[in-house]
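Read through the structure below, which is laid out as structure tokens, and then see the notes.
The values are calculated or read from the model by the stated rules, or taken from the named source; none is laboratory data. No experiment lies behind these values; they were computed from the predicted model shown. Neighbour counts run over all protein chains shown; Cβ positions are idealised from the backbone, glycine included.
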Amino acid sequence: MAVMVVGNTKGGVGKTTTVINLAADRARAGRRVLVVDGDRQATAQKAIAVRDSMGLLPAIACATYADGPVLRSQVLTQMDLYDDIIIDAGGRDSTALRAAMSLADVLLIPFEPRSFEVWALEDIAVLVDEVRSVRDGLRVCAFLNKAEPGVMSVDNRAAGDALAAYPQIEYLSQKLVMRKAYSNAAGAGMSVSEVKDKDPKAVIELKKLISAVF
């Protein structure tokens, strides 16, 4: 059983889109998946509700716990019922994010290849240090989301190099390039692997990211 939190203290980096794509792909691989929405906006829950309304299978369980203590107690109660629990934490230093990090096996941090996005990683790095001071075993990974296309992108390379300033965060070479396919799929509660008109490049990128973090 794996508990993953997709989080960043910076908003707008694609956390919910990532959560839905990961969850749907893992469910399609035969995993029993629970999505926990830790954001009061409940965007992930709305996406899963769209999936349910379309009758898509496999079904994905979803619950919203925006309050940290409630999230922690509920996830602990349900751990044995699922193979994967994927938590969507809001874009700020919240009680839900802290509670999720206290339980998770993996913290996955999406960030964009922009200077202000990289600077914002300092806040999550400090939070990682705090959590690790009271518990062991938390793997922390960051990946480029909405990355520039092309292997020679200066912005992508600069962002990856800048992450070296935060040794507590593992930088993944796997990235998700800026493609409408991800958000379009997530809006319907799906992954890019199951939509009708697949973007083959997006499918490959998602598979590589999943292999790196699970």
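Here's the yes/no breakdown for (1) under 25 Å from Ala188 (Cβ atoms); (2) over 18 Å from the mean Cα position of the chain (by Cα):
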site: Val35; (1), (2): yes, no
site: Ala44; (1), (2): yes, no
site: Gly55; (1), (2): yes, yes
site: Val70; (1), (2): no, yes
site: Gln74; (1), (2): no, yes
site: Gly90; (1), (2): yes, no
site: Asp93; (1), (2): no, no
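Within the range 107-124, is even one residue under 28 Å from Tyr82 (Cβ atoms) and β-branched (Val, Ile, Thr)?
Yes, the range 107-124 contains a residue that is under 28 Å from Tyr82 (Cβ atoms) and β-branched (Val, Ile, Thr).
With respect to Val131, determine if the residue is among the β-branched types (Val, Ile, Thr) and under 27 Å from Ile204 (Cα atoms).
Criteria not met by Val131.
Given the structure, is Thr17 in a loop (DSSP other than H, G, I, E, B) and in contact (Cβ under 8 Å) with a residue 40 or more places away in the chain?
Here the answer is no, as Thr17 does not meet what is asked.
For the condition hydrophobic (A, V, I, L, M, F, W, C) and either in contact with a Leu (Cβ under 9 Å, 6 or more places away or on another chain) or under 18 Å from Gly12 (Cβ atoms) (or both), what is the one hit in Ala59, Ala29, Ala44, Ala49?
Ala44
Restricting attention to the range 73-114, report how many residues are of a type outside the set (A, V, I, L, M), touching a helix residue (DSSP H, G or I) at 6+ places or on another chain (Cβ under 8 Å) and part of a helix (DSSP H, G or I).
Looking only at that region, the number is 3.
Helices (runs of 4 or more DSSP H) wholly in the range 119-214 with at least 1 residues that are at pLDDT 95 or above and small (Gly, Ala, Ser) - which ones?
Of the helices (runs of 4 or more DSSP H) lying wholly inside the range 119-214, those with at least 1 residues that are at pLDDT 95 or above and small (Gly, Ala, Ser) span 180-187, 200-213.
Looking at the range 55-67, can you tell me whether even one residue there is surrounded by fewer than 18 Cβ atoms within 10 Å (Cβ to Cβ) and assigned to a helix (DSSP H, G or I)?
No.
Could you go through the range 151-168 and let me know if any residue there is under 24 Å from Thr64 (Cα atoms) and crowded, with 20+ Cβ neighbours inside 10 Å.
There is no residue in the range 151-168 that is under 24 Å from Thr64 (Cα atoms) and crowded, with 20+ Cβ neighbours inside 10 Å.
List the pairs whose first member sits in the range 175-192 and is more than 27 Å from Arg157 (Cα to Cα), whose second member is among the hydroxyl-bearing types (Ser, Thr, Tyr) and not in a helix (DSSP H, G or I), and whose Cβ atoms are under 9 Å apart, counting only residues at least 6 apart or on separate chains?
Every condition considered, the pairs that remain are Ala185/Ser191; Ala185/Ser193.
Taking the range 95-112 on its own, how many of its residues are farther than 13 Å from Glu130 by Cα, of a type in the set (Gly, Ala, Ser) and surrounded by fewer than 24 Cβ atoms within 10 Å (Cβ to Cβ)?
0
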